1. What tally of residues in region 37-71 results from selecting those that are touching a helix residue (DSSP H, G or I) at 6+ places or on another chain (Cβ under 8 Å), within 21 Å of residue 118 (Cα to Cα) and charged (D, E, K, R)?
2. If you scan region 120-133, which residues turn out to be free of Cβ contacts under 8 Å to residues at least 60 places away in the same chain, of a type in the set (A, V, I, L, M, F, W, C) and in a loop (DSSP other than H, G, I, E, B)?
3. Would you check which residues across region 1-31 are among the small types (Gly, Ala, Ser) and either buried (at least 18 other Cβ atoms within 10 Å of the Cβ) or at pLDDT 95 or above (or both) and list them?
4. What's the total number of residues in region 1-26 that are charged (D, E, K, R), in a strand (DSSP E or B) and in contact (Cβ under 8 Å) with a residue 12 or more places away in the chain?
5. Residue 62 passes all but one of (1) farther than 15 Å from residue 106 by Cβ; (2) among the aliphatic types (A, V, I, L, M); (3) open to solvent by 50 Å² or more (accessible area, probe 1.4 Å); which number fails?
6. Taking the condition touching a Lys or Arg at 6+ places or on another chain (Cβ under 8 Å), of a type in the set (A, V, I, L, M, F, W, C) and exposed (fewer than 14 other Cβ atoms within 10 Å of the Cβ), does residue 49 pass?
7. What strands (runs of 3 or more DSSP E) lie completely within region 39-119 and have 2 or more residues being touching a residue at least 40 places away in the same chain (Cβ under 8 Å), farther than 19 Å from residue 5 by Cβ and under 14 Å from the mean Cα position of the chain (by Cα)?
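The values are calculated or read from the model by the stated rules, or taken from the named source; none is laboratory data. Keep in mind it's a predicted model, so treat the numbers as computed, not measured. Cβ coordinates were reconstructed from backbone atoms using ideal geometry, including for glycine residues, and neighbour counts include every protein chain displayed. Keep in mind that these areas ignore ligands, DNA and RNA; they rest on the heavy atoms of the full protein, side chains included. Shrake-Rupley method; radii C 1.70, N 1.55, O 1.52, S 1.80 Å.
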Amino acid sequence: MDRYSTDAALSDGRMVKIFEPVVEKDLDALVAFLSGLPQSERKNMRYNVTDRRYAEQRVRMVDGVDHWRLVAELDGVIVGDATMDRSLYPWTRHVADLRSAVDPRVEPLGVRALLLKALVEVSGHAGIERLCS
């Protein structure tokens, strides 16, 4: 499957690029984005997003079968991140968990909704029938 990439309009008319990140090209920008999130948001995340090695491992996990990740880029800067992880148990392979984080400065512009809409689209192609957050 080709890497997901699309452009979408924010509520203020600016265009945001939504795409699947690549370690070699996007890891530093992704870690910078995640590290810049308010502590109140980072404390609810499953792992230490400021740890570059773990962030790299998570991006490398993206396989288009069990793990997906999309980022939103505005004016060359990552402003949002969303992941979808399929349940690994055979009896719940139709279920996936969604997680998202968005720069609070652009949250009101609909970045999170665009990221999640893109993952919902991907989930349909992957045979996922139930999404949880």
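1. Here the count works out to 2.
2. Correct list: 128 only.
3. Across region 1-31, the qualifying residues are 8, 9, 11, 13, 29.
4. Of the residues in that region, 1 qualify.
5. Every condition holds for residue 62 apart from (3).
6. Taking the combined requirement at face value, the residue does not satisfy it.
7. Values: elements: 67-74, 77-86, 95-102.
Filter on region 39-119 gives 95-102.
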